[in-house]
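Before any comments, here is the structure.
The values are calculated or read from the model by the stated rules, or taken from the named source; none is laboratory data. Values in this document were obtained by computation on a predicted structure and should not be read as measured data. Counting neighbours? That spans all protein chains shown, and the Cβs are built from the backbone with ideal geometry, glycine included. Heavy atoms of the whole protein, side chains included, go into the accessibility calculation; ligands, DNA and RNA do not. Shrake-Rupley method; radii C 1.70, N 1.55, O 1.52, S 1.80 Å.
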Amino acid sequence: MIINNTTIAPGENAILRLNVGRLPSDTRIYLNVHVYRSSVPGPVAAVLAGVHGDEVNSVEIVRRTIACHMFGNLLMGTVVVIPVLNVYGFNNFSRDVPDGKDVNRSFPGSAKGSLAARVAHIFTKNILPVIDFGVDFHTGGSSNYNYPQIRYSKGREQSRELAEAFGAPFTVANRPIPKSLRKTCLEAGKPMLVFEGGENLRFDGFAIEKGLAGIRRLLFSKGMLPEAPPGAPTIHIEKTTWQRAARPGMFRWWKQSGQAVQKGEPLGVINDPFGQDEFPVLASRNGFIIGHNNSPVVRPGDALFHLGY
Ligand SMILES: [Zn+2]
């Protein structure tokens, strides 16, 4: 295997530092890539996080795979690990790169494009050609908590099989976002699962645990790891909808992510701040809450609950 002119032989492990660019201060920025190779040929998996720099819960999941030597004794194949793809965003506690662009809307990228396109290009040029499949770890956004879930490309049997093997609490079939990493991988014939769990700039032990167990199960299913924790049955989600705030105010929820809800059931309330009025938020349909808003103050139209069904 050759990544960025470095050869990694079967049975070898390596840590590569790919040059991403420079800061205005002329400080060089590097992308750290850890490669674990069994001496036995087999599939090549990518495990990556930090495409959005503020999604540190996903970075922590991938960091722990390295710290606990999860891939130190692979039975076969290769694992390519990138804990932080968007190094710029990670340093700035930001989802995006410093010019405000989203790396996950900039794929496949280009060597001479915007900063986000350049970061995307490094993955597309160096990593995508050598992998067969992978998992891209994410979290919800600001104040938005995602219950641990795998998103896979609807109608793609290979993606569905990988999602089943991962065994997250929810398995969501949807279409990849245009210009996303997942879409670029799909077009190259390489299924890329997206894991979502927790919210940005927070650790969430439950989501971390589900993410780590899922990687083990996925690689076990491919014959790459000798064992994996047993999985609970996953709930398949075919469609999702956002339930939004009909009015502004202070938001409190009774029902939270992971729970089943019935149409018309009270999920929470929105109050004015003066103790005068209270407006219930009722479930718009039967389903499961796969994400919810932790913000105590909401504006009209703000997403409150992500319902899957
Ligand atoms: Zn993300």
Of the conditions (1) modelled with pLDDT under 95; (2) out of contact with any Lys or Arg (no Cβ under 9 Å at 6 or more places or on another chain), Gly141 satisfies every one except a single condition; which number is it? (2)
Name the pairs whose Cβ atoms lie under 9 Å apart, with the first residue in the stretch 48-61 and closer than 20 Å to Ser106 by Cα and not assigned by TED's automatic domain parsing to the domain that holds Gly198, the second near the ligand (Cβ under 10 Å from one of its atoms) and in a loop (DSSP other than H, G, I, E, B), and 6 or more positions between them or separate chains? none
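If you go through the stretch 184-211, how many residues are more than 24 Å from Pro41 (Cα to Cα) and not aromatic (Phe, Trp, Tyr)? So that I can check it myself, show each step before the final result.
We begin by selecting, within the stretch 184-211, every residue more than 24 Å from Pro41 (Cα to Cα); these are 184, 187, 194-211.
Cutting the leftovers down to not aromatic (Phe, Trp, Tyr) gives us 184, 187, 194, 196-202, 204-205, 207-211.
Residues meeting the conditions: 17.
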Given Val130, Val135, which one is more than 11 Å from the chain's Cα centre (by Cα) and among the β-branched types (Val, Ile, Thr)? Val130
Being part of a loop (DSSP other than H, G, I, E, B) and either within 13 Å of the ligand (Cβ to nearest atom) or under 30 Å from Phe305 (Cβ atoms) (or both) narrows it down to one residue among His52, His69; which is it? His52
Looking at the structure I just gave you, is Thr184 among the polar types (S, T, N, Q), away from the ligand (no atom under 14 Å from the Cβ), open to solvent by 10 Å² or more (accessible area, probe 1.4 Å) and at pLDDT 95 or above? yes
Pull up the stretch 216-249, narrow it to residues that are surrounded by fewer than 16 Cβ atoms within 10 Å (Cβ to Cβ) and aliphatic (A, V, I, L, M), then point me to the one that is farthest from Ser295 (Cα to Cα). Ala232
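With the condition kept exactly as written, say whether any residue in the stretch 159-168 is within 15 Å of the ligand (Cβ to nearest atom), small (Gly, Ala, Ser), in a helix (DSSP H, G or I) and surrounded by 24 or more Cβ atoms within 10 Å (Cβ to Cβ).
The first filter runs over the stretch 159-168 and keeps only residues within 15 Å of the ligand (Cβ to nearest atom), leaving none.
Within the stretch 159-168, none of the residues are within 15 Å of the ligand (Cβ to nearest atom), small (Gly, Ala, Ser), in a helix (DSSP H, G or I) and surrounded by 24 or more Cβ atoms within 10 Å (Cβ to Cβ).
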